[in-house]
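Take this structure, written in structure tokens, and hold onto it; I'll ask about it next.
The values are calculated or read from the model by the stated rules, or taken from the named source; none is laboratory data. Since the structure is predicted, the reported quantities are computational estimates derived from the model, not experimental observations. For neighbour counting, all protein chains shown are included, and Cβ atoms are generated from backbone atoms with ideal geometry for every residue, glycine included.
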Amino acid sequence: MARYRGPVEKIERRLGVSLALKGERRLAGKSAIDKRPYPPGQHGQRRTKVSEYGLQLREKQKAKFMYGVSEKQFRRLFSDANSMEGNTGANLISLLERRLDNAVYRMGFATTRNFARQLVTHGHILVDGKKVDIPSFRVRPGQKIEIKEKSKSNPQVVRAGELTAQTGIVPWVDVEVDKKYGIFTRLPEREEVVIPVEERLIVELYSK
């Protein structure tokens, strides 16, 4: 299944939660989910009963759309998480957080993961001084991530930095906002990753 490229706010309304798919509109409280907190379509406001499988599938969709991964990528990530020691669900979230595009977003260099992905694929990101243009690149603790010198003046990157100063940065990265670089200092604990996803249901879905 290819990555979804349609209207992202429609996805948020369908799943009933904000997935940080919009940048400034979301931060300003102007996203569609805030204005119309019900599914799109003629029958969007009807109450429907969701099956156990439906609940599990919805949690997987939330994670997939939030982190911008395809079905094939997500299944591979789950397989890796399942083969690691510890809690499979927590391992899955940790692997998603270690994606390079997500790290760029978490460091405040982009207002959305989608724009962070564009920065990576267009060659604007350096990891330990070397260009990496693979969004799924798995960042290791201690690695330095920075915006290329010529790209630091990009208006969207500058604006993202301004918004970051207002909203704050996650505790597992150490960022020099003005210099546009950061260190992925450690793997995040599950309780630190505040996302509207119940990974337990995802594990149940794949364990059938």
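Here is a yes/no grid of residues against (1) in a helix (DSSP H, G or I); (2) at pLDDT below 95:
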{"position": "Lys49", "(1), (2)": "no, yes"}
{"position": "Gly54", "(1), (2)": "yes, yes"}
{"position": "Leu77", "(1), (2)": "yes, no"}
{"position": "Asp80", "(1), (2)": "yes, no"}
{"position": "Ala103", "(1), (2)": "yes, no"}
{"position": "Ala110", "(1), (2)": "no, yes"}
{"position": "Ile145", "(1), (2)": "no, no"}
{"position": "Arg159", "(1), (2)": "yes, yes"}
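From the list Val173, Val132, which residue is among the β-branched types (Val, Ile, Thr) and farther than 26 Å from Ser79 by Cβ?
On the way: Val132 fails: farther than 26 Å from Ser79 by Cβ.
That would be Val173, the only listed residue that is among the β-branched types (Val, Ile, Thr) and farther than 26 Å from Ser79 by Cβ.
Out of Phe65, Phe78, I need the residue that is within 14 Å of the chain's Cα centre (by Cα), in the same structural domain as Leu201 (by TED's automatic domain parsing) and either in contact (Cβ under 8 Å) with a residue 60 or more places away in the chain or surrounded by 11 or more Cβ atoms within 10 Å (Cβ to Cβ) (or both). Which one? Let's see the steps before the verdict.
Numbers: Phe78 fails: within 14 Å of the chain's Cα centre (by Cα).
Answer to the check: Phe65.
Taking the condition modelled with pLDDT under 95 and under 12 Å from Ile145 (Cα atoms), does Phe115 pass? So that I can check it myself, show each step before the final result.
Values: modelled with pLDDT under 95: yes; under 12 Å from Ile145 (Cα atoms): no.
Against the criterion (modelled with pLDDT under 95 and under 12 Å from Ile145 (Cα atoms)), Phe115 does not qualify.
Out of everything in the range 161-179 that is among the small types (Gly, Ala, Ser) and not in a loop (DSSP other than H, G, I, E, B), what residue ends up being farthest from the chain's Cα centre (by Cα)?
So in the range 161-179, the residues among the small types (Gly, Ala, Ser) come out as 161, 165, 168.
Retained after the next criterion (residues that are not in a loop (DSSP other than H, G, I, E, B)): 161, 165.
On the way: Gly161: 17, Ala165: 19 Å.
Filtering first and then ranking leaves Ala165.
Next question, about the same structure. Has the range 163-173 got any residue that is surrounded by fewer than 18 Cβ atoms within 10 Å (Cβ to Cβ), under 23 Å from Leu92 (Cα atoms) and of a type outside the set (Val, Ile, Thr)?
Within the range 163-173, the first condition is being surrounded by fewer than 18 Cβ atoms within 10 Å (Cβ to Cβ), and the residues that meet it are 163, 165-171.
With the extra rule that they be under 23 Å from Leu92 (Cα atoms), the set shrinks to 169-171.
So of that shortlist, the ones also of a type outside the set (Val, Ile, Thr) come out as 171.
Yes: one or more hits.
Next question, about the same structure. What is the residue count in the range 192-208 for residues that are modelled with pLDDT under 95 and in a helix (DSSP H, G or I)?
Residues that pass the stated criteria total 1.
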